[in-house]
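Peer 1: Let me begin by handing over the structure; questions about it come next.
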Amino acid sequence: MSASPDSATTPRTARKNQSAPQKALEKLGLTRDIDLALHLPLRYEDETRITRLADAREGDTAQIEAVVTASEVVFRPRRQLLVTVDDGSDTCVLRFFNFYPSQQKALAVGTRIRARGELKSGFMGWTMMHPHCRTAGGELPAALTPVYPTVAGLPQPYLRKAVLSGLARAELANTVPEEIDGQIGPQPFWQLRKSLSFLHHPTPDVSLAQLEDRSHPAWQRLKAEELLAQQLSQLQSRRERDHLRAPVLSSVRKRGVGDFLHEQLLKALPFQLTAAQRRVCEEIATDLARPVPMHRLLQGDVGSGKTVVAALCAAICIGAGWQCALMAPTEILADQHFRKLIGWLEPLGVRVAWLTGSQKKKERTAMLALIESGEAGLVVGTHAVIQEQVQFKKLALAIIDEQHRFGVAQRLALRSKTNGDALEPHMLMMTATPIPRTLAMSYYADLDVSTIDELPPGRSPIVTKVVSEQRRDEVIERIRGQLAQGRQVYWVCPLIEESEALDLTNATQTHADLSEALNDSHVPPLRGSLPPGGAVPDLGRPGDTGAGVMVGLLHSRMPVAEKKAVMALFTSGQMGVLVSTTVIEVGVDVPNASLMVIEHAERFGLSQLHQLRGRVGRGTAASACVLMYSTGDAPRLGETARARLKAMVETSDGFEIARRDLDIRGPGEFLGARQSGAALLRFADLATDSELLAWAKEVAPLMLDQYPELARQHVSRWLGGKTDYLKA
Ligand code: ADP
Ligand code: MG
């Protein structure tokens, strides 16, 4: 073998003065020959044969060769060029609505041309709309013409040429040794080189259906190898991790010693753990007692009680004489955790430190000192926890709440906060958006998963209703009813992606409208929102509504102190209604809140809706979630929006929601939202390729054990520089 796959790679990044198409290639990640070779066609065009018009069928996409017999521009019903051609067996009218004079000239009467397009038969005979035309002559290609996925600024012919030369140069020797390839799994596979040359120029006799549904043996090979690369890389990082050392955080009782810290905490809690909580605590405690770093995902539906599990794990860690860090994605959530954990742990003598970006310098300095000296057993905070200045004396456990909200880089950073003596911290990641099993198997092979599959007792189910925006008044009536019973209400306004300002205007307007409606029994129906571009009114403070119902406003642009003040009023029960943009999405815990209204629910993603709904039904009161939708100018809701709202009504089980979300969006997008940066599967589809996944899972350990060099080449070929991300 002349060169290993990665030395055969010529990064084009170094070139200066790149042309626009070169830049576009790079944007697509097509920098190495192998990347180009692995850039596979979306579909194919068949230019290998000429169809006789007399033999054609309605709806065929066909290539004809014919002589132009007439050409005219007509103006009715609109300006268009009509070109009549005759191939000797029949005639056909080519119709162009947009055309250049040069095109018109090329289609002059008497010219012999090839035209490719969809054939329609009407009362005028055959027609083709906007066919692809060229002068006749030249040999017909022997293979189907590939059409590649591309981006603006990268024309198909340029890309085609780049891909084909990449394919010619790429190093494509087999990486899966024959013994393994021959022994295991679905047969027959083609070899990689053969598969790639075939997929880039398939012969015309191939079944297009097999290419399209990717069941062709060439596709099978590519999908299998892609899955193998993913499995190898995860297995590798798992093994690397097994060589690392982590502090042993034993929670096993020694004779003659009093209660451990976590046992004291358990006794002090106002409730009993559920069986599921006890089980996951056991699983985590077992990991923590091992000298290798834990890498575990704790998944549990919203409200399943993950925080107390985190607190107990922190207590095991602190009780063993080490430090624990808990990182949350938003300041509100971090603040809430901080209060809760202080309440639980400080009575037991644990010092809890607090770190956020908005902190005053003096406080921050004091906190940093507590952390550095080791005095603070627990550090709670936002991203601030992973900043460089933060020096832990002896960090042994890092807990990340709502892990899907963090970027991969941030997770890596927390892991690298080692404690000076080459011991890695254990990692516990928590999430309320569970990952369906097939995905977990594929994407988190490097991760152990614990699942809380039951809710604490005494929760009443949340009733979910979908109502049209036109029934806003009824919804407000319902809010009054809840307030009269001493309950609290969330009202969530959607995020309008194009414009944060507009977003605020909406939320602010809704806030004003609701304050008015709820404090005055004879107000007219609510006004709509302000027109786009309207001025953002003064942000009312919660107390402004006087003695009536306090309606608060929370959005991402508010200063942190104000946010906290609003949350505190809502948490303490003084505030009846909290109008908010999606900042409350994750983790907020106010058990007295019993009604959640989501405006423009059709704009939210399914897991986001589920998270939002999880803010209610946390206490014993019967709770409800109202999904208010608006179709805008459309006569009805779009199909996926309807599917999402329907799923919300039909189930409140987070696992079922995740499954449906996966159905609606497909794995790429499903994970994309969660796993920024991770290499996603391009070719394999976990829903249909479970057999190939099983193959990859079986082959990966064999290759790592018996052919480590080939395994390395395989991963490098498929994942290039992206492997780091897979470890996070
Ligand atoms: P999440 O899993 O969504 O983070 P939380 O940890 O915020 O859920 O818990 C939701 C609520 O349930 C909190 O008020 C918490 O104190 C309470 N809780 C947790 N575990 C139990 C339990 N075993 N019994 C009763 N209440 C519990
Ligand atoms: Mg939580």
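Peer 1: Would region 107-191 count as rounded, prolate or oblate if I go by the C-alpha gyration tensor, calling it rounded below 1.5 in a/c and otherwise prolate when a/b exceeds b/c, oblate otherwise?
Peer 2: It is prolate, given that a/c is not under 1.5 and a/b is the larger ratio.
Peer 1: Something else now. If I stretch the segment between A108 and K465 completely, what's the gain in nm (0.36 nm per residue apart, minus their alpha carbon distance), one decimal?
Peer 2: Taking A108 through K465 to full extension adds about 122.1 nm, to one decimal.
Peer 1: May I ask you to sort K394, K105 by Cβ crowding, counting other Cβ atoms within 10 Å and putting the fewest first?
Peer 2: Least to most surrounded, the residues fall as K105, K394.
Peer 1: Relative to a virtual label point 7 Å from the Cα of F123 in the Cα→beta-carbon direction, which members of region 63-102 show backbone nitrogen distances below 16 Å?
Peer 2: 77
Peer 1: Using the Karplus curve 6.51 cos²θ - 1.76 cosθ + 1.60 with θ = phi - 60°, work out ³J(HN,Hα) for each residue of region 47-53 in order, rounded to whole Hz, and write x for Gly and Pro.
Peer 2: Listing the rounded values in order: 10, 7, 9, 9, 9, 7, 4 Hz.
Peer 1: Counting Lys and Arg as +1 and Asp and Glu as -1, each charge on the Cβ, what is the dipole of region 208-346 about the Cα centre in debye, to the nearest 20?
Peer 2: 540 debye
Peer 1: A 30 angstrom limit on the alpha carbon distance is what I want to check against. Which of K306/K646; K361/K564; K223/K646; K646/K697; K394/K563 exceed it? Write out the running numbers ahead of the final one.
Peer 2: Working: K306/K646 28 Å; K361/K564 18 Å; K223/K646 33 Å; K646/K697 36 Å; K394/K563 33 Å.
Result: K223/K646; K646/K697; K394/K563 exceed 30 Å.
Peer 1: Show me the trypsin sites (Lys or Arg not before Pro) within region 301-364 that DSSP assigns to loop and that have at most 11 other Cβ atoms within 10 Å of their Cβ.
Peer 2: When the trypsin sites (Lys or Arg not before Pro) of region 301-364 are filtered for loop state and at most 11 Cβ neighbours within 10 Å, K360 remain.
Peer 1: Just rank Y158, Y44, Y490, Y100, fewest to most, by other beta-carbon atoms within 10 angstrom.
Peer 2: Ascending Cβ contact count within 10 Å gives the list Y100, Y158, Y44, Y490.
Peer 1: Please list, in order along region 551-568, the HN-Hα scalar couplings obtained from phi with the Karplus expression 6.51 cos²θ - 1.76 cosθ + 1.60 (θ = phi - 60°), rounded to whole Hz, x for Gly and Pro.
Peer 2: 10, x, 10, 9, 8, 5, 7, 6, x, 4, 4, 5, 4, 5, 4, 4, 4, 4
Peer 1: Only loop residues by DSSP count here, and only those with at most 12 other Cβ atoms within 10 Å; note down the GluC sites (Glu not before Pro) in region 57-140 that meet that.
Peer 2: For GluC sites (Glu not before Pro) across region 57-140 that sit outside H, G, I, E and B with at most 12 neighbouring Cβ atoms in 10 Å, the list reads E58, E139.
Peer 1: Given the Cα-Cα distance of D448 and E45 and 0.36 nm per residue of separation, how much length would full extension add, in nm?
Peer 2: On the way: separation 403, 0.36 × 403 = 145.08 nm, distance 4.57 nm.
This chain segment gains 140.5 nm when fully extended.
Peer 1: Listing F96, F123 from the residue with the fewest other Cβ atoms within 10 Å to the one with the most, what is the order?
Peer 2: Values: F96 20, F123 4.
In order of increasing Cβ crowding within 10 Å: F123, F96.
Peer 1: Right, here's the next one. What are the ³J(HN,Hα) couplings of region 195-210, residue after residue, when phi is run through the Karplus curve with 6.51, -1.76, 1.60 and θ = phi - 60°? Round to Hz, x for glycine and proline.
Peer 2: 4, 5, 4, 5, 5, 7, 9, x, 6, x, 7, 5, 6, 4, 4, 5
Peer 1: Would you mind checking which residues have amide H under 5 Å from L326's amide H? H placed 1.01 Å from N; only 5 or more apart, or other chain.
Peer 2: V379, V380, G381, I399
Peer 1: With charges only on Cβ, +1 for K and R and -1 for D and E, what is the dipole size of region 199-250 about its Cα centre, in debye, rounded to 20?
Peer 2: Using Cβ point charges on Lys, Arg, Asp and Glu, region 199-250 gives about 420 debye.
Peer 1: Counting only residues 5 or more places away or on other chains, whose amide H sits under 5 Å from the amide H of L554 once H atoms are built in the peptide plane?
Peer 2: Amide H to amide H, under 5 Å and 5 or more residues apart or across chains, L554 pairs with V579, S580, T581.
Peer 1: Further, regarding this structure: Distance between Cα centroids, region 266-309 to region 35-109: provide it in whole Å.
Peer 2: That distance is 66 Å.
Peer 1: Work out the FRET efficiency for R290 and E709 from their Cβ-Cβ distance, taking R0 = 22 Å, and round it to the nearest 0.05.
Peer 2: My answer for the efficiency is 0.15.
Peer 1: Could I ask something else about it? How would you rank 30-43, 162-175, 700-713, highest first, on the average number of other Cβ atoms within 10 Å across their residues?
Peer 2: Highest-to-lowest ranking by the protection proxy: 30-43, 162-175, 700-713.
Peer 1: Can you figure out the FRET efficiency of H243 with E388, using R₀ = 25 Å and their beta-carbon distance, to the nearest 0.05?
Peer 2: It comes to 0.40.
Read-outs: derived from the displayed coordinates by stated rules, not from any lab. Since the model is a prediction, treat every value here as computed from it, not as a measurement. Heads up, the Cβs are rebuilt from the backbone with ideal geometry, glycines too, and the neighbour counts pull from every protein chain shown.
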